[in-house]
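The values are calculated or read from the model by the stated rules, or taken from the named source; none is laboratory data. Treat the numbers as computed from the prediction; the structure is a model and nothing was measured. Heads up, the Cβs are rebuilt from the backbone with ideal geometry, glycines too, and the neighbour counts pull from every protein chain shown. Accessible surface areas use protein heavy atoms only, side chains included; no ligands, DNA or RNA. Shrake-Rupley method; radii C 1.70, N 1.55, O 1.52, S 1.80 Å.
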Amino acid sequence: MSLRGTTFLESVLQTLKRAIELGGYPQEVYEILSRPQRIITVNIPVKMDNGKIQVFTGYRVQHNNALGPYKGGIRFHPEVTLEEDIALATVMTFKNALNGLPYGGGKGAVAVDPKKLSKRELEELSRGYARALAPFIGPETDIPAPDVGTDPQIMAWMVDEYSKIAGRNVPGVFTAKPVVLWGNPVREYSTGFGVAVWAREAAKKLWGGIEGKTVAIQGFGNVGYWGAYWLEKMGAKVVAVTDSKGGIYNPNGLKLADVKAVKDKTGTVMNYDSPGTRKITNDEVLELPVDILVPAALENVIHKGNANNIKAKLIVEGANGPTTADAEKVLHSKGVWILPDLAANAGGVVMSYLEWVENLQWYFWDEEETRNKLERILLDTFNRVMIRWSKLGMDKVTIREAAYVEAVDRIYNAMKVRGWI
């Protein structure tokens, strides 16, 4: 960890402490928000295809519910830890508060590589996780959604399992479900769409517009691909993308539809070949000479070991926690704008909120109306963060710190009127 410095959780707590100081809030606010209200650990036995039982360990961290039910994703990944889950749940509290949602923060995880499971094994694990957590979740209690390694199919299995336990259909307990099962088509691309909207609005302030600006994206999963798709539609030029195996770079721009086709067919963008395109690593993509960098994979990829090599003027965090606190200090001193995760990648949770509202009332909007509602919320958050940043002093604080102050202000006032502090 010598190069990467602070852990993700340490970075989150440092930023929280700084926000409380900047906002002039009582120390009790830190005491409450620096630790989760509840941590649930579950062990899920699954009968594997070879006939043997394997036990998987899972978590659900419920951080703070001052503003409403806990809300946050479920991650299936072999390297998940409880500390990481606490950090992610904590960020969700601030992300939900910042975006004006009636939610607190939660996060779930299972230590597993879903790619190594058969479909039957994955379904049994998903249903087992939902059963284990059933007493602790619900439409008015805690509403999970997908994260790394999970998807709408897994949400469908989970909502079905929960509904069986409840004895009735309960669509609002999980979000980002398949469209046929009370989902919304906008949810598939909502996080990437949010990344693009934030990038577009920041580009207007930095350069007068996003048209023609070059973009490099680390991570070509759901967030990275849809971020690239909408950025291209908005007029930017995507010149580099990577996935877990590596990536490609063409300074003249990539044909995204062709890159996506190669990725879908072969499993990696590395097999894309065209004149002027060369292969790059996941480290190299961060240091390319581009205007906009979108880290859309895992956390802590931008750290003090590579911060000085980053050339982008605008970093848009598609992933959760891709920038360490010490790297951010370096980049801010160089005048780089970092649009933080709790703002820039919030399109997914905002859309989950809209889906949840649909589910509660059994009434559904069409795709265009839904996307317009989503964009209005994102633009409102962007404008509030920029106003807060300007008031606090753009040279003195980072955009992340301004966003945290904006979020903490809402949580603090909710806890105060509840009588918690």
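Remark: spin-label model distance A132-Q153 equals 2.2 nm, labels positioned 7 Å along the Cα→Cβ axis. Under the simplified labelling scheme, the R418-T141 pair shows an inter-label distance of 1.7 nm, with each label point 7 Å from Cα along Cα→Cβ. Residues whose amide H comes within less than 5 Å of that of G72, counting only those at least five positions distant or on another chain, are G106, I143, A145 (H built at 1.01 Å from N in the peptide plane).
With every protein chain in place and a 1.4 angstrom probe, the accessible-area ranking of D380, D264, D291, D273, largest first, reads D273, D264, D380, D291. Taking amide H atoms as placed 1.01 Å from N in the peptide plane, the amide H of K237 lies under 5 Å from those of G212, K213, T214, V215, each 5 or more residues away in sequence or on another chain. Find, among the trypsin sites (Lys or Arg not before Pro) in the stretch 23-91, those assigned to loop by DSSP (not H, G, I, E, B) with at most 11 other beta-carbon atoms within 10 angstrom. In loop regions of the stretch 23-91 (DSSP not H, G, I, E or B), the sparsely surrounded trypsin sites (Lys or Arg not before Pro) are K52. Too long at a 20 Å Cα-Cα cut-off: which of K304/K391; K255/K311; K233/K311; K52/K116; K263/K311; K17/K396? Result: K304/K391; K255/K311; K233/K311; K263/K311 exceed 20 Å.
I need to check one value: relative contact order of the stretch 130-267, counting alpha carbon pairs closer than 8 Å and at least 6 residues apart, in percent.
About 16 percent, as a whole number.
Carbon-plus-sulfur fraction of the accessible area of the stretch 1-145, 1.4 Å probe, in percent? Roughly 51 percent, rounded to a whole number.
For the pair the stretch 107-133 and the stretch 375-419, the centres of their Cα atoms are 36 angstrom apart. At the residue level, W226 shows approximately 40 square angstrom of accessible surface with a 1.4 angstrom probe and all protein chains present. Counting heavy atoms of the protein chains alone, L286 has an accessible area of about 0 Å² for a 1.4 Å probe. With the whole protein complex present, W182 retains an accessible surface near 40 Å², based on a 1.4 Å probe. Identify the residues of the stretch 12-41 with backbone N under 19 Å of a label point that sits 7 angstrom from the Cα of K205 along the Cα-to-Cβ direction, or state none. Counting only backbone N, you get 19, 22-23. When Y353, Y103 are compared by accessible area at a 1.4 angstrom probe, the order from most to least is Y353, Y103.
When the Gaussian network model of the chain links Cα atoms closer than 10 Å, the mean-square fluctuations of Y404, Y229, Y70 top out at Y229. Using Cβ point charges alone (K and R +1, D and E -1), the dipole size of the chain about the Cα centre works out to roughly 240 debye. Using 0.36 nm per residue of separation minus the Cα-Cα distance, give me the extension gain between K17 and R35 in nm, one decimal. Answer, rounded to one decimal: 5.2 nm. The Cα center of the stretch 21-77 and the Cα center of the stretch 316-360 differ in position by 19 Å. Pull out a ≥ b ≥ c, the square roots of the eigenvalues of the alpha-carbon gyration tensor of the stretch 338-421, then state rounded if a/c is under 1.5, prolate if not and a/b is larger than b/c, and oblate in the remaining case. Oblate is the answer for the stretch 338-421, as a/c is 1.5 or above yet b/c matches or exceeds a/b. Screening the chain for whole DSSP H helices with an alpha carbon extent of at least 27 angstrom along the helix axis and a mean Kyte-Doolittle hydropathy of at least -0.5 yields 399-418. Per-residue ellipticity at 222 nm from helix content only, as computed over the chain with -39500 (n - 2.57) for each DSSP H run of at least four residues, stands at -14000 deg cm²/dmol. Between I53 and E83, the contour length at 0.36 nm per residue exceeds the alpha carbon distance by 8.1 nm. Spatially, the stretch 167-202 and the stretch 218-276 are offset by 22 Å when compared through their Cα centroids. Of all the options M270, M92, M48, the one that moves most in a Gaussian network model of the chain with Cα springs shorter than 10 angstrom is M48. Surface analysis of the chain yields an accessible area of 40 Å² per residue, using protein heavy atoms and a 1.4 Å probe. Structure remark: mean-square fluctuation, Gaussian network model of the chain, C-alpha springs under 10 Å; the largest value among S118, S34, S352 belongs to S118. Net charge in the neighbourhood of K164 (other residues with Cβ under 15 Å of its Cβ; Lys, Arg +1, Asp, Glu -1) is -1.
Over the chain, the fraction of Cα-Cα pairs per 10 Å bin, rounded to whole percents and listed from the shortest bin up, is 5, 23, 33, 27, 11, 1, 0.
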